[in-house]
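Structure first, then comments.
Please treat every number below as a calculation from the coordinates, not as lab data. None of the values given here were measured: they were computed from a predicted structure. As a convention, Cβ positions derive from the backbone with ideal geometry for all residues, glycine included, and neighbour counts pool all protein chains shown.
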Amino acid sequence: MKKFLQTRFFKFILSTGLAVLLFFICPPCYSKMWLSIVLLTLLIFINGSHFFARFSWLTHFCRFVVGGLFIFSGWIKANDTVGFGYKLEEYFEVFKEATGWGMFDAFAHIAQPLATVICISEMVLGCLLLIGIWRNITLWLLMLQIVFFTFLTFYSACYNKVTTCGCFGDFLVLKPWTSFVKDLVLLILITVLFVGRNNINPLFSRNAINLGIAFLFIVYSVWFPIYTFRNLPVKDFRAYAPGKSICDGLKPGPNFKPAVYESRFIYKNLKNGEKKEFTDKNMPWQDTLTWAYESALGSVELAPAVDAPKIVDFTLSDLDGNNITDSILALKGYNFYIIYWNLDKAEQDPSLHAKINDFYELAKKNNIRVTAITSSSSEQINDFKHKHNALYDFASADGVVLKTMIRSNPGLMLMQDCKVIANWHYNNWPSFSETKDMHMK
């Protein structure tokens with residue numbers, strides 16, 4: 001029996017059976033033709049392993065592409081570890097809503113440490129693949145990770161739940177289907193690496209050199225995401241980065257065209273029980289004798305926006321609900337934003353808030369406005385002000401926008417005429433005199 005399980009025939013039967021199963025259980029959102037091409041490609045490489053393993057150049061090509069891409073992807077995510085944690089939390093919340101499984105709620109609560117682990121693993125696995133040590137465990141971990149991400153991107157693309165994948169942070173924002181195709185390509189490349197794994201040898205003849213490089217890279221891969229978690233991103237690609245204007249970001253480009261959407265619905269045929277998908281243009285709402293409304297599938301983007309604004313949903317309100325966006329953005333000269341995306345989840349260290357209060361008092365003496373912006377309720381704001389003796393004014397904004405503005409809770413932003421001059425994590429909260437000397441010329 002053991003010999004049979006190791007035969008090429010059994011491998012063919014098993015791989016073909018899995019391919020057929022995937023073909024039939026795949027939702028109709030993905031083209032059966034493209035699915036057939038992907039599955040057939042995987043079957044050819046898996047069952048033709050003895051043939052393809054002869055081409056060492058093919059293995060090395062896939063090795064350097066996969067290794068380099070994993071290092072780059074992991075570094076970009078680690079550059080904004082907090083932002084990647086937000087994206088994972090969004091995925092888990094979507095899965096919890098879709099399945100009702102409590103484990104996804106538990107995953108959402110550990111999204112941030114999980115994001116750190118994924119960043120580390122991507123960089124480390126990419127490095128180990130390039131160096132060529134610990135080959136088998138590296139390949140299996142690469143395969144498990146790419147299968148995990150392929151599932152995430154497929155689900156978000158198929159059901160239009162998460163509009164961007166976060167694969168490359170804010171450096172390169174990919175649409176779900178684009179990201180899914182990228183993961184499929186990586187899945188095929190890693191399959192080729194399994195086929196030609198005997199061609200993967202250590203990069204240097206002396207093992208001490210390979211281990212030394214791996215050790216140094218592992219140390220860096222662990223340090224970097226922890227550093228960016230405790231500070232702000234080293235390279236800020238967001239629309240609120242220092243040097244960028246919020247007012248300019250709110251404006252569409254000269255060639256702006258809005259996105260085109262189509263609403264889709266499921267109707268049930270009352271005569272034969274058939275369920276059919278319709279759009280908002282051909283839905284049979286008048287034919288009540290034949291069709292009955294079943295459910296809504298939501299909106300599907302037919303064409304993306306062209307030259308769209310970089311910043312959307314930036315709206316500030318006072319505690320009475322009045323829109324004060326224009327008046328805040330129209331402030332001349334220097335002013336500060338203190339961003340608390342959630343007051344209950346903000347850093348509560350009394351020494352930090354004493355420092356913030358001192359900063360506010362000195363800014364006030366210099367006639368520089370300080371506005372705290374939060375998504376929390378008026379009751380939470382009042383409790384917070386009483387607890388920390390906070391005398392500065394509060395405004396309200398959407399929590400997702402505030403998370404995007406700065407990866408710190410609280411965080412400080414220095415503005416000048418609607419332009420972001422500098423920002424700080426709460427771990428690096430500056431003194432007012434330091435800020436004035438360095439940034440307020």
Taking only the C-alpha atoms, wrap a convex hull around region 323-441 and report its volume per residue in Å³ as a whole number. 98 Å³
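Report the calculated FRET efficiency for ASN269 and LEU141 (r = Cβ-Cβ distance, R0 = 51 Å), to the nearest 0.05.
Calculated transfer efficiency: 0.55.
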Correct semi-axes for region 260-303, from √(5λ) of the alpha-carbon gyration tensor and rounded to whole Å with the largest first, are 21, 10, 7
On the formula 1/(1 + (r/R0)^6), with r taken between the Cβ atoms of ALA308 and TRP177 and R0 of 25 Å, the FRET efficiency rounded to 0.05 is 0.85
Fewest-first ordering of VAL195, VAL94, VAL306, VAL65 by Cβ atoms within 10 Å yields VAL306, VAL65, VAL94, VAL195
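Say R0 is 60 Å: what FRET efficiency, to the nearest 0.05, do VAL219 and TYR293 get from their beta-carbon distance?
Details: r = 59 Å, r/R0 = 0.98.
Once rounded, the FRET efficiency stands at 0.50.
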Label point at SER15 placed 7 Å out along Cα→Cβ; residues across region 46-83 whose backbone nitrogen lies under 12 Å: 46-53
Show me 275-281, 122-128 ranked by packing, highest mean number of other Cβ atoms within 10 Å first. 122-128, 275-281
Please compute the contact order of the chain in relative form: average sequence separation of alpha-carbon pairs under 8 Å and at least six residues apart, divided by the residue count, as a percent. 14 percent
Write out the trypsin sites (Lys or Arg not before Pro) in region 318-355 meeting two conditions: DSSP loop, and at most 16 other Cβ atoms within 10 Å of their Cβ. LYS332, LYS345
With label points built 7 Å along Cα→Cβ from the Cα atoms of GLU301 and MET440, find their separation and express it in nm. 4.0 nm
For P(r) over Cα pairs in 10 Å bins from 0, in percent, the choices are (1) 3, 15, 22, 27, 22, 9, 2, 0; (2) 4, 16, 23, 23, 18, 11, 5, 1, 0; (3) 5, 23, 35, 26, 10, 1, 0; which was calculated from the structure? (2)
Ranking of LYS310, LYS441 by count of other Cβ atoms within 10 Å, fewest first: LYS441, LYS310
Final fewest-first order of LYS175, LYS32 on the 10 Å Cβ neighbour count is LYS32, LYS175
With the label point 7 Å along the Cα-to-beta-carbon line of LEU391 and a cut-off under 18 Å to each amide N, the hits in region 414-441 are 432-433
